[in-house]
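Enquirer: Take this structure first; my questions come after.
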Amino acid sequence: REEALFTAQQRYRALFDQAHNGVFLLDLEGWLLEANERAAQMLGYTVAEIQRLSFSDLSAEQSQSTQVLERLLAGERFPVYERLFRHKDGSLIPVEINVELIRDGDGSPLHVQSVVRDIRERKLAEEALRQSEERYKGVVDTQTELICRYLHDATLVFVNDAYCRYYDY
């Protein structure tokens with residue numbers, strides 16, 4: 001039985017330490033109990049440094065983070081959401097957070113567990129796509145030629161401004 005417990009603890013520790021996302025365990029006041037190496041790296045800290053902080057030291061949106069903690073403690077559950085974290089150097093990092101209030105067998109709150117994914121690359125890609133779409137729209141909408149796109153069933157799905165002007169739409 002002790003060997004099974006030891007094996008389970010080793011599995012948990014390996015999962016915690018080797019996760020590709022930051023994992024934060026916080027007490028019910030928002031102070032870090034533990035954070036994995038990925039969490040520390042993401043925010044520019046060592047594991048020892050980050051474990052002396054609270055969520056308010058890390059969140060660039062402190063009032064919203066405080067509300068999440070209060071609402072968790074009131075029994076509310078949250079879908080994955082986005083937030084800005086503050087790197088040790090002061091820069092902002094967009095992250096995606098999956099947060100849960102962990103309870104004991106009797107239902108009493110023990111701690112808060114957050115799995116945090118760095119979404120900087122995704123945000124950069126989204127912005128590049130938005131800018132590309134704006135450029136495309138700018139080019140298409142300034143054309144004097146009629147431009148339209150139909151689906152295979154003849155449903156009209158796109159027209160430019162010249163098309164609208166020509167047909168008085």
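Nothing in this text is a laboratory measurement; each read-out follows from the coordinates by a stated rule. Just so it is clear, the structure is predicted and the values come from calculations on it, not from any experiment. A quick note on method: Cβ atoms are made from the backbone with ideal geometry, for glycine too, and the neighbour counts reach across all protein chains shown.
Enquirer: May I ask you to order 138-150, 2-14, 48-60 by the average number of other C-beta atoms within 10 Å around their residues, highest value first?
Expert: Working: 138-150: 11.7, 2-14: 9.3, 48-60: 17.2.
Highest mean packing first, the order is 48-60, 138-150, 2-14.
Enquirer: What's the angle, to the nearest 10 degrees (0 to 90), between helix 120-141's Cα axis and the longest principal axis of the chain?
Expert: Helix 120-141 and the main axis of the chain meet at about 10 degrees.
Enquirer: Another one. Take the alpha-carbon centre of the range 18-32, take the same for the range 105-169, and report the distance between them in whole Å.
Expert: 34 Å
Enquirer: Still on this model: When you take every Cα atom in the range 29-106, what is the radius of gyration, and what is Dmax, the widest Cα pair distance, in Å?
Expert: In order Rg, Dmax, the Cα atoms of the range 29-106 give 12.8, 42 Å.
Enquirer: Something else: What is the gain in length, in nm to one decimal, between residue 12 and residue 66 on full extension, counting 0.36 nm per residue of separation less the C-alpha to C-alpha distance?
Expert: On the way: separation 54, 0.36 × 54 = 19.44 nm, distance 2.82 nm.
Extra length from residue 12 to residue 66 when fully extended: 16.6 nm.
Enquirer: While we're looking at this one, here's another question. Report the local net charge at residue 77: Lys and Arg +1, Asp and Glu -1, summed over other residues whose C-beta lies under 11 Å from its C-beta. Numbers along the way, then the final one.
Expert: Working: positive: 71; negative: 76, 100.
Taking every Cβ under 11 Å from that of residue 77, the sum is -1.
Enquirer: Cα atoms only: what Rg and Dmax, in Å, come out for the chain?
Expert: 24.1, 81
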